[in-house]
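I have placed the structure first, in the form of structure tokens, so that the comments after it can refer back to it.
The values are calculated or read from the model by the stated rules, or taken from the named source; none is laboratory data. Just so it is clear, the structure is predicted and the values come from calculations on it, not from any experiment. Backbone-built Cβ (ideal geometry, glycine too); neighbour counts: all protein chains shown. Just the protein is used for accessible areas: all its heavy atoms, side chains included, with ligands, DNA and RNA removed. Shrake-Rupley method; radii C 1.70, N 1.55, O 1.52, S 1.80 Å.
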Amino acid sequence: MTERAPDTLPADLVIHGGIIVTGETQFAASIAIRDGRIFAVGDAAAMPAARETFDAAGLHILPGAIDVHVHFRDPGYTHKEDFESGTAAAAFGGVTTVFDMPNTIPTVADAAALTAKHAIAASKAHVDYGLYAVLGEDTIDKVPELVEAGIIGFKLYMGNTFGRIPTPSTGAMLEAFEVVAPTGKRVSLHAETNSVMERRQRQLVEAGRTDALAHLASRPAVVAVEAVARAAILAEWTGARIHVLHISSAAELGPLRDAKARGVDITGETCPHYLMLGAEDYARWGGIIRVNPPVREAANQQPLWDALADGTIDMIATDHAPHTPEEKTRAEIWSVDCGFPGVETQMPLMLTEVAKGRYSLSDYVRWSAVNPARIWGLYPRKGVIQPGADADLAFVDMGRTWTIRDADLKSRSKVSPWDGRDVTGMPVHTMVRGRFVVKDRALQADTKGHGRPVHTFQQMPAAAPRHADQTIAAATAVVAPGAAA
Ligand code: DOR
Ligand code: ZN
């Protein structure tokens, strides 16, 4: 095949009339796309000839959102979701890249399981994706083969949640960080301390508590505070990079800020449910809002918003955790599966706060696209609208007020605490690498399998391990004095 000369051949598509939003500003401009990438942004008159044009008048064009925390349940729990339904839901939510969690069956803890999931994702995904692998007590030796087989990062469960993946001891965590640090990969943490939660839950059960609020009582914010602080100490010691998933409380912001100030490579995300729901919502929703970590007292909301605004929290993710209505509405709270779908409602929920004037569209673009792309080594290929970037675009109608309905969700899980909520701002079309996956709120033909893995071009900064002379590997390599050589 011959190379196409960039300046002589037309664009595949030129988009006119939209308002482009970046992490700093917004401006009216046209976008020219060729071979799935943006190659020009500017005045309509300056655009090259195009095979096709698209009219985006009246719409804001955002870099597609990057949701670094979804559970698409495939393989193993496909009655809840699969890679096809999950990525379709993502596309309807203006999300063009997702990172899928490893608590599937089998757990993604070795290269065989990872390779099998890659095959599933490649055949079903409508949007681009990265895959996580678990870092567990007994799987530390799998780190090299997992990195080799293609991951976006590691997930470590400091506390139990859906799938009941065993929690590594602090000793195993330290060793895991020692082993991951030289790879440069980031470790995402479910930062809730298991031993505290187990004691509390056992005693709550013994005391006869079966109500929804007992779930919150079993996981007070201190479990997250202790976990974040402890993980930050281990990351600081080893030089491992960490990411705090689903920050739910004002109290966790203390250890997060302290660690950042000490220079630890630590980042964090929060989710719409921690920003917009509060303890009073348990009365209305019961088990439907059961999620780990729990939705907390409403007093946590403003500090979380403030932490996004000041950069303590780096990004918005969703912890999209689909379950069936039966699994979410069991009478006794302890038997209700944790989590609910969120990948397709994040953008409208957040845009509603923009419409209220709470923050700017550029703030939102930093939290949803620019920062995740930078932190996960995908920038500037992802997360930005500029020449050279993938043409991953969310076309948003900021004038549209509508009502979220569970029945309309594209997720297989049609049960969420957002049902009936009025929102302003609608992702109308979603494009992934130059191709419309959703147009006029309709899934386009033949986009199943269009999604591609993103770890292939991930570029993390150079690894910076510390105390390498004191790792378990270094210590056990020393021959005991007096032992025969
Ligand atoms: O509520 C949750 N559900 N929290 C998690 O950490 C996991 C998730 C799931 O996989 O269902
Ligand atoms: Zn999760």
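General observations
- Per principal axis, descending, Cα span of the stretch 314-452 in whole Å: 54, 38, 31
- Remark: accessible surface ordering of Glu178, Glu269, Glu206 (largest first) is Glu206, Glu178, Glu269, probe radius 1.4 Å.
- In plain terms, the bigger the Kirkwood radius, the slower the diffusion; for the stretch 48-138, with that radius from Cα pairs, at 20 °C and 1.002 mPa s, Stokes-Einstein puts D at 147 µm²/s.
- Ordered from largest to smallest accessible area (heavy atoms of protein chains, 1.4 Å probe), the residues Leu174, Leu409 come out as Leu174, Leu409.
- Counting Lys and Arg as +1 and Asp and Glu as -1 over every other residue whose Cβ lies under 11 Å from the Cβ of Ala221, the net charge comes to -2.
- Using alpha carbons only, the radius of gyration of the chain set against its Kirkwood radius gives Rg/Rh = 0.98.
- Sum of side-chain charges, Gln458 neighbourhood, beta-carbon under 14 Å (Lys, Arg +1; Asp, Glu -1): +4
- Distant-in-sequence amide H partners of Thr267 (H built 1.01 Å from N, under 5 Å): Ile242, His243, Val244
- Sites Ser360 and Ala474 - FRET efficiency at Förster radius 51 Å, r taken between beta-carbons, to 0.05: 0.55
- Between Leu213 and Ala46, the distance separating the two model label sites (each 7 Å from Cα on the Cα→Cβ line) works out to 6.0 nm.
- Candidate cross-link partners of Lys80 among the aspartates and glutamates, defined by an alpha-carbon separation under 15 Å and a same-chain spacing of 8 or more, comprise Asp100, Asp319, Glu326, Glu327, Asp337, Asp406.
- Per-residue [θ]222 nm for the chain (sum of -39500 (n - 2.57) over DSSP H runs n ≥ 4, rounded to 500): -7500 deg cm²/dmol
- Protein accessible area in the chain, 1.4 Å probe - carbon and sulfur %: 53 percent
- Once divided by 2.2 N^0.38 Å, the Cα radius of gyration of the stretch 397-475 becomes 1.87.
- Across all directions, the shadow cast by the convex hull of the stretch 293-392 built on its C-alpha atoms averages 8.4 square nanometres.
- Computed over protein heavy atoms with a 1.4 Å probe, the accessible surface of the chain works out to 37 Å² per residue.
- Local charge for Lys382 was computed over the other residues whose Cβ lies under 9 Å away, with Lys and Arg +1 and Asp and Glu -1, and equals -2.
- Distance between the C-alpha centres of the stretch 461-480 and the stretch 270-330: 39 Å, rounded to the whole angstrom.
- Between amide H atoms placed 1.01 Å from N, distances below 5 Å from Tyr379 occur with Arg374, all of them 5 or more places distant or on a separate chain.
- Enclosed volume per residue, in Å³, of the convex hull spanned by Cα atoms of the stretch 128-216: 115 Å³
- Database remark: amide H of Lys155 closer than 5 angstrom to the amide H of Ala133, Val134, Leu135, Ser188 (H placed geometrically; neighbours at sequence offset of 5 or more, or on other chains; Pro and chain starts carry no H).
- Relative to the Cα centre, the charge distribution of the stretch 201-297, modelled as +1 at Lys and Arg Cβ and -1 at Asp and Glu Cβ, gives a dipole magnitude of about 120 debye.
- Derived scalar couplings ³J(HN,Hα) [the stretch 327-343; Karplus, 6.51 cos²θ - 1.76 cosθ + 1.60; whole Hz; x for Gly, Pro]: 5, 9, 10, 5, 5, 9, 4, 5, 9, 7, 5, 8, x, 7, x, x, 5
- Put the Cα centre of the stretch 126-188 next to the Cα centre of the stretch 41-92 and the gap is 28 Å.
- Relative contact order (%) - the chain, alpha-carbon pairs under 8 angstrom, separation at least six: 21 percent
- Span from the the stretch 197-253 Cα centroid across to the the stretch 402-434 one, whole angstrom: 30 Å
- Dipole magnitude for the stretch 18-66: about 120 debye, using +1 per Lys or Arg Cβ and -1 per Asp or Glu Cβ, origin at the Cα centre.
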